[in-house]
Amino acid sequence: MTETDQRDLGDSDSPIEDELEDAFQRMIGEGTQRLHRPWREVLTTGFFGGTEVALGVLAYLSVLNQTHNPLLAGLAFSVGFLALLLGRSELFTEGFLVPVTTVVAKRASVPQLLKLWCGTLLANLVGGWLIMWLIMTGFPKLRSQTIESASHYIDAPIGPESIALAVLGGMAITLMTRMQHGTDSMPAKIAAAVAGAFLLAGLQMFHSILDSLLIFGALISGAAPFGYLDWLAWFAYVAPLNVLGGLALVTLLRLIRSKDRLKDERASAES
């Protein structure tokens, strides 16, 4: 089917399907707002994202400590992603699909994208560390479970398995973002958040923020057999692989799918 046929058959004159056009407009609208925020708003939103995910970690650890079932604990972790969704905060790893699409559409710049990534990442870690300190202080019975869970990631050798899990972790959360922007239905967005939590936490994929909070909790407990340098070495290879998974396996394919629509948007931005 030619581009002209698609424009004629749809309700709009867009070169992509009407459903994709609605999702595209939602992404560009949100991405433009997010990328043009000042540092204060970027850091504040990222800080809240870290604190809210840490509460999801609390739910995860509590269920895992009682059931020793990571799949059930992964469902409990969805509390964190639901807080992100309803509280309008954000994680560093949520900044792939929407902001990158916005930059490619020329509605924002690369420096603005880097500001979002760096500011959100730093604020996520600071906010998450603070709440993990409170959790380890208020729930001492969870300390041994936290150390056990954190050791699963820290002790994993760098090899095909850990690399694949980190790439899949970036893909899973970016797919969650894609699903949430593909609908106006709040129940559907909530379902996507629960599904994302199940994949990431329940299947123990490697995620630079979520797993860092587990590691921080273990370090704060004072009994961890590793230190902050071990966390940094782990983070240094997991974060880029999360980015690779989110960009190459979801974002790039979405950009290719919306190539003609992006061309129109870029032309409009330049006019």
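The values are calculated or read from the model by the stated rules, or taken from the named source; none is laboratory data. None of these values were measured; they are calculated from a predicted model. Cβ: placed from backbone, ideal geometry, glycine included. Neighbour counts: every protein chain shown.
Within the stretch 223-234, being more than 20 Å from residue 142 (Cα to Cα), touching a residue at least 24 places away in the same chain (Cβ under 8 Å) and either of a type in the set (Val, Ile, Thr) or surrounded by fewer than 17 Cβ atoms within 10 Å (Cβ to Cβ) (or both) holds for one residue alone: 230. Among 164, 156, 150, 191, which is hydrophobic (A, V, I, L, M, F, W, C) and closer than 30 Å to residue 25 by Cα? None of the others qualify; the one that does is 191. Identify all residues within the stretch 111-131 that are free of Cβ contacts under 8 Å to residues at least 24 places away in the same chain and under 21 Å from residue 208 (Cβ atoms); write none if there are none. Once the filter is applied, which keeps residues that are free of Cβ contacts under 8 Å to residues at least 24 places away in the same chain and under 21 Å from residue 208 (Cβ atoms), the stretch 111-131 yields 114, 118. The set of residues in the stretch 68-103 that are aliphatic (A, V, I, L, M), crowded, with 17+ Cβ neighbours inside 10 Å and over 14 Å from residue 56 (Cβ atoms) comprises 97, 98, 100, 103. Within the option set 74, 50, 87, being modelled with pLDDT of 95 or more and under 26 Å from residue 35 (Cα atoms) holds for one residue only, 50. Do we find a residue being in contact with a helix residue (DSSP H, G or I) (Cβ under 9 Å, 6 or more places away or on another chain), under 24 Å from residue 132 (Cα atoms) and either of a type in the set (Lys, Arg) or buried (at least 17 other Cβ atoms within 10 Å of the Cβ) (or both) anywhere in the stretch 20-41? Checked against the condition, which is being in contact with a helix residue (DSSP H, G or I) (Cβ under 9 Å, 6 or more places away or on another chain), under 24 Å from residue 132 (Cα atoms) and either of a type in the set (Lys, Arg) or buried (at least 17 other Cβ atoms within 10 Å of the Cβ) (or both), the stretch 20-41 yields no hits at all.
Being under 29 Å from residue 63 (Cβ atoms), buried (at least 17 other Cβ atoms within 10 Å of the Cβ), touching a residue at least 60 places away in the same chain (Cβ under 8 Å) and within 20 Å of the chain's Cα centre (by Cα) holds for only one residue in 165, 213, 247, 203, and it is 213. Looking only at the stretch 86-103, which residues are assigned to a helix (DSSP H, G or I) and closer than 24 Å to residue 167 by Cβ? Result: 92, 93, 94, 97, 98, 99, 100, 101, 102, 103. When 158, 147, 190, 220 are checked against the criterion of being surrounded by fewer than 16 Cβ atoms within 10 Å (Cβ to Cβ) and of a type in the set (A, V, I, L, M, F, W, C), a single residue qualifies: 158.
With the structure loaded, tell me whether residue 107 is in contact with a helix residue (DSSP H, G or I) (Cβ under 9 Å, 6 or more places away or on another chain), more than 20 Å from residue 54 (Cβ to Cβ), of a type in the set (D, E, K, R) and surrounded by fewer than 23 Cβ atoms within 10 Å (Cβ to Cβ) or whether it fails that test. It is true that residue 107 is in contact with a helix residue (DSSP H, G or I) (Cβ under 9 Å, 6 or more places away or on another chain), more than 20 Å from residue 54 (Cβ to Cβ), of a type in the set (D, E, K, R) and surrounded by fewer than 23 Cβ atoms within 10 Å (Cβ to Cβ). Going by the structure shown, is residue 21 at pLDDT 85 or above, within 30 Å of residue 76 (Cβ to Cβ), acidic (Asp, Glu) and in a helix (DSSP H, G or I)? When the stated conditions are applied, residue 21 does not pass them.
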